[in-house]
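Provided herewith is a single structure, encoded as structure tokens, for subsequent inquiry.
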Amino acid sequence: MESRFDSKKNLVYKARCRGSLCVLKWFRREEAADREFALLDRAHGLGLRVPRPLDLWPGRAILMEFIPGENLCDLINEEPSLQIGLRLAEWYAGFHKAFPSDDGVLLKGDSILRNFVWRGGSPWGVDFEESRPGKPAEDIGEIICSILTTDPMFTWEKLSLSRLLIDHYQRLAPLEGVEDALAWALRETARRRREPSLLARACLVEKMGLEGLAEDPS
Ligand SMILES: Nc1ncnc2c1ncn2[C@@H]1O[C@H](COP(=O)(O)OP(=O)(O)O)[C@@H](O)[C@H]1O
Ligand SMILES: [Mg+2]
């Protein structure tokens, strides 16, 4: 093993195997390994930007390609360029179009900045354990909540980037109810972090949409 990644749910290691770097992900939940391996296999086969899965230990662990690059959470908080909003919209539209479901799409799930690596000017998605059927707005509301509530929170640059992400996604695929989904994600984050100021932000989004966040709630 070379090192362990920061992760809350599972044990994730960078390792060297057959001369190249790869990632070993050891799951806490038994059924998750097989599901994540199968989804990576399908998504990688369709040419989506996800790691190539290499090996599966059923019910336990997967081995996958290591994606070199910068974690998107660090990058966006240092340099919130509008390019990131455009490329994220394209990543999600590509993923959602690849997996339509009965009444919506297959969501990425756990749509937070930490679950993307920025490589060669594009985001690469990792962590599909919480993938499930749903409406595209759930993924988009969650990633925008992650953008806005990581440090520094609610900056003008991040609001512009979020607006651009939504508009660009809507040029590529249908998206309804994203502001409700964002408000819901803000409430969840408020609850998890015990940070009531985020509840005020959720109310502003409900009343005025994303533009409501340009106001100071205090
Ligand atoms: N294939 C990969 N290439 C590069 N980094 C990865 C890869 N898989 C995971 N990571 C890094 O490891 C972290 C934890 O992995 P993740 O699959 O998100 O585990 P968890 O389910 O515990 O959140 C990710 O946030 C990412 O930074
Ligand atoms: Mg993760």
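Among the residues of the range 22-42, write down those that are modelled with pLDDT of 95 or more and away from ligand 2 (no atom under 16 Å from the Cβ).
22, 34, 38, 41, 42
Could you check the range 1-104 for strands (runs of 3 or more DSSP E) lying wholly inside it with 1 or more residues that are surrounded by 14 or more Cβ atoms within 10 Å (Cβ to Cβ), away from ligand 1 (no atom under 14 Å from the Cβ) and outside the structural domain of residue 150 (by TED's automatic domain parsing)?
The strands (runs of 3 or more DSSP E) meeting that bar are 53-57.
Let me ask another. Look at the range 70-107 and say how many of its residues are without any contact (Cβ under 8 Å) to a residue 12 or more places away in the chain and within 12 Å of residue 172 (Cβ to Cβ).
Counting residues in the range 70-107 that are without any contact (Cβ under 8 Å) to a residue 12 or more places away in the chain and within 12 Å of residue 172 (Cβ to Cβ) gives 0.
Please state which of the following conditions residue 117 fails to meet, knowing it meets all the rest: (1) surrounded by 23 or more Cβ atoms within 10 Å (Cβ to Cβ); (2) within 15 Å of ligand 2 (Cβ to nearest atom).
For residue 117, the exception is condition (1).
Restricting attention to the range 147-158, does a residue exist that is within 24 Å of residue 46 (Cβ to Cβ) and modelled with pLDDT of 95 or more?
no
Each row is one residue, and each column tells you yes or no for (1) away from ligand 2 (no atom under 16 Å from the Cβ); (2) assigned to a loop (DSSP other than H, G, I, E, B); (3) not assigned by TED's automatic domain parsing to the domain that holds residue 42.
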residue: 127; (1), (2), (3): no, yes, yes
residue: 137; (1), (2), (3): yes, no, yes
residue: 143; (1), (2), (3): no, no, yes
residue: 153; (1), (2), (3): yes, yes, yes
residue: 158; (1), (2), (3): yes, no, yes
residue: 161; (1), (2), (3): yes, no, yes
residue: 168; (1), (2), (3): yes, no, yes
residue: 171; (1), (2), (3): yes, no, yes
residue: 180; (1), (2), (3): yes, no, yes
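Look through the range 125-138, keep the residues that are touching a Phe, Trp or Tyr at 6+ places or on another chain (Cβ under 8 Å) and touching a residue at least 60 places away in the same chain (Cβ under 8 Å), and return whichever of them is surrounded by the fewest Cβ atoms within 10 Å (Cβ to Cβ).
Top of the filtered list is 129.
Looking at (1) of a type in the set (S, T, N, Q); (2) within 16 Å of ligand 1 (Cβ to nearest atom); (3) crowded, with 21+ Cβ neighbours inside 10 Å, can you tell me which one residue 122 breaks?
Condition (3) is where residue 122 drops out.
It is to be established whether one or more residues within the range 22-32 are touching a Gly at 6+ places or on another chain (Cβ under 9 Å) and either free of Cβ contacts under 8 Å to residues at least 60 places away in the same chain or of a type in the set (Ser, Thr, Tyr) (or both).
yes
Here's a follow-up. Scan the range 114-172 residue by residue and report those that are among the acidic types (Asp, Glu) and closer than 19 Å to residue 48 by Cβ.
127, 129, 130, 138, 139, 142
Looking at this structure, is residue 128 among the hydrophobic types (A, V, I, L, M, F, W, C), under 18 Å from residue 12 (Cβ atoms) and over 8 Å from the mean Cα position of the chain (by Cα)?
It is true that residue 128 is among the hydrophobic types (A, V, I, L, M, F, W, C), under 18 Å from residue 12 (Cβ atoms) and over 8 Å from the mean Cα position of the chain (by Cα).
The values are calculated or read from the model by the stated rules, or taken from the named source; none is laboratory data. If you're wondering where the values come from, they're calculated on a predicted model, not measured in any experiment. A quick note on method: Cβ atoms are made from the backbone with ideal geometry, for glycine too, and the neighbour counts reach across all protein chains shown.
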